[in-house]
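J.: Below: one structure in structure tokens.
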Amino acid sequence: MISRRKLVIGGSLVVGSAALTTAVARTYPLRIRSPLEAADALTYTAQRALLSPNALAREFDRGMISKTFPAINTTDPEDEGYQRLRHGGFEAWQLPIDGLVDRPMTLSLKNLMGLPSRTQITQHNCVDGWSAIAEWTGVQLFRVLAHVGMRPEARFIGFESFDGWWNVCDMVDALHAQTMLTYGMNGAPLPIRHGAPVRLRLERQLGYRSLKYLKRITVLADAEDYKGGGGLSSRPYGYQWHAGI
Amino acid sequence: MTESNTLGDRQSETGQVLTYRHPPWVRICHWLTAISIILLLITGVVILLAHPRLYWGEDGFFGDPAFISFGHFEYADYLGASRSVHFFFAWVLGLSGTSYALFALARGRIRKFLVPERDQVKPAHIVAQLKEHIQLKVPTGKDARRYNLFQKIAYSVVLFVLIPGIILSGLAMSPSVAASYPDLFKLFGGRQSARTIHFLLASSLLLFFLIHLFQVLLVGFGDGIRSMTTGWHTLPQERAQTQSFKEGEQT
């Protein structure tokens, strides 16, 4: 015998799960490839729904800057093109910005430095578990995107680096006030081991989303439609696209 | 199997007295929570191995003074996969824990089962309980039907301190959550402190889990599992008789 109460509870559970599944599938921009990625998608949906898109990552006083800032993974890309640029003091470095933009262009380091700058002292949170604080100087990504003019269908930004890594970020992160193309660290030019000449800072995600050694930026309509798809190059190693936790 | 008395007991074919202990939602939440905690602990260890040092304050890396250190190595082969599993079961734990707490509050079960009864907080009773625990004696009579003082304290600490503390310190480590709720750091004193507290609370939960398992083995593993799965807890005949004798004595 099914009581009315059980019917109501069971019914609301079914309707609730269906509504939640639909919301998650519609919000998460990538194809959900496994049950575990469904949980990642739920986390992404919950964070996008419950957290303020404008909230700033914590900023610290100068006194909190870490004396040594760890550099892991690539500390000097082997890429021939990169080494040529490096020996030329990055004078010849050019950042192409293409894809769904009105005015595709390549920006030199001088061009970037000519745009209004922002300096922020933030914490780098590595997926491994360590963290360190540094002062970063650069140009906010939204200024650069406004400079090239995004097409109406633009929804994601793809980043590619000289050491072979790439990933995609959504507009909530791309247009965030602290998301920067960063050329300065602790008052000096960005060191080689930290991603010279320009790295991304994506302050509300774990460190692996802040690509070093930027090579190219592409404006996209679909997050799956970049490189091999799946949103980031470290997916084969099991790393989540959304690194907000 | 249908005979029942005013206590809601019933008699099995073998003459054992069974008492109904856990309604379905308690059993469902218990097992979801148990599975989640086991998997969260395992994946938590794997995640920790990527940087097996714990610090106090905001920052920490090799070379900084460690609060707790398990070595100077990094093992991150299964870090990504473990994180996915960890957050999947964090969701399960969060949902089952919250629904359990809400149901328990709504049904008045916290007061009924977890708040110590007056006779349980009398010093003589506490000393007697302590002795029974040290001698690993299984409770009989009235005490076989209710949670003992230490059990009540342990369950309350798990429900209201450890699990909420673990979830909050875990959320404090999330750079996205931390941006919206920076007050979390006032609570935990920095990101590395939050990580250390997360570890310490999880270790306490592991300790609870091991003691809990030991106690279940002591009282009867098969019955423990059955009672949490079907809801019916067996009171061995001897104990049930002792209880009626005691009750007779009191009247």
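Since every read-out is calculated from the coordinates, none of them should be taken as a lab result. These numbers were taken from a predicted model, which means no experiment stands behind them. Every residue, glycine as well, gets a Cβ built from its backbone with ideal geometry; the counts of neighbours run over all protein chains shown.
J.: Past the 25 Å Cα-Cα mark, which pairs from A:K6/B:K142; B:K152/B:K186; B:K112/B:K142? Numbers along the way, then the final one.
T.: Details: A:K6/B:K142 33 Å; B:K152/B:K186 30 Å; B:K112/B:K142 15 Å.
From A:K6/B:K142; B:K152/B:K186; B:K112/B:K142, over 25 Å: A:K6/B:K142; B:K152/B:K186.
J.: Only sites in a loop by DSSP and with at most 11 other Cβ atoms within 10 Å count here; which chymotrypsin sites (Phe, Trp or Tyr not before Pro) in region B:133-211 make the cut?
T.: Numbers: sites: B:Y147, B:F150, B:Y155, B:F160, B:F185, B:F188, B:F199, B:F208, B:F209; in loops: B:Y147.
Here no loop site has a sparse enough neighbourhood.
J.: Once you've got the GNM for chain B with C-alpha springs shorter than 10 Å, pick whichever of B:P52, B:P175, B:P23 has the biggest mean-square fluctuation.
T.: Sorting by GNM fluctuation, first place goes to B:P175.
J.: Hydropathy first: keep DSSP H helices in chain B averaging at least 1.0 on Kyte-Doolittle, then drop any whose Cα extent along the axis falls short of 24 Å, and list what survives.
T.: B:24-49, B:79-106
J.: Using a Gaussian network model of chain A with C-alpha springs under 10 Å, which one of A:T22, A:T182, A:T218 is most mobile by mean-square fluctuation?
T.: Result: A:T22 has the largest fluctuation of those listed.
J.: Here is a follow-up. Please list, ordered by chain and number, the residues whose modelled amide H lies under 5 Å from the amide H of B:Y75; skip anything fewer than 5 residues away on the same chain.
T.: Residues meeting the criterion, in which the H sits 1.01 Å from N, are B:A50, B:H51.
J.: Over chain B, with a Gaussian network built from C-alpha contacts below 10 Å, which listed residue (B:S36, B:S84, B:S96) shows the highest mean-square fluctuation?
T.: Residue with maximal mean-square fluctuation among B:S36, B:S84, B:S96: B:S84.
J.: Can you tell me the length gained on complete extension of the stretch A:E153 to A:N73, counting 0.36 nm per residue apart and subtracting the Cα distance? Can you show the working numbers first?
T.: Working: separation 80, 0.36 × 80 = 28.80 nm, distance 3.46 nm.
Net length gain for the segment: 25.3 nm.
J.: Same structure again: Tell me, how many Å apart are the Cα centres for region A:138-197 and for region B:145-195?
T.: About 35 Å separates the Cα centre of region A:138-197 from the one of region B:145-195.
J.: At a Förster distance of 41 Å, what's the computed FRET efficiency of B:L95 paired with B:Y75, Cβ-Cβ distance as r, to 0.05?
T.: 0.85
J.: Once you have the Kirkwood Rh of chain A from its Cα pairs, apply Stokes-Einstein at 4 °C and 1.567 mPa s and quote D in µm²/s. Show your work: numbers first, answer last.
T.: Details: Rh = 19.4 Å.
Result for D is 67 µm²/s.
J.: Before rounding to the nearest 500, sum -39500 (n - 2.57) across all DSSP H runs of length at least 4 in the protein assembly as shown and divide by the residue total; then give [θ] at 222 nm in deg cm²/dmol. Please report the intermediate quantities before stating the final value.
T.: Numbers: 16 runs with 221 residues, N = 496.
Rounded to the nearest 500, the figure is -14500 deg cm²/dmol.
J.: Going by amide H atoms built from the backbone, whose H comes under 5 Å of the H on A:L95, apart from near neighbours?
T.: Under 5 Å from the amide H of A:L95 lie the amide H atoms of A:L107, A:S108, each far enough along the sequence or on another chain.
J.: Extent of region B:1-150 along each principal axis, from alpha carbon coordinates, in Å, largest to smallest?
T.: Computed over region B:1-150, the largest-to-smallest principal extents equal 65, 36, 33 Å.
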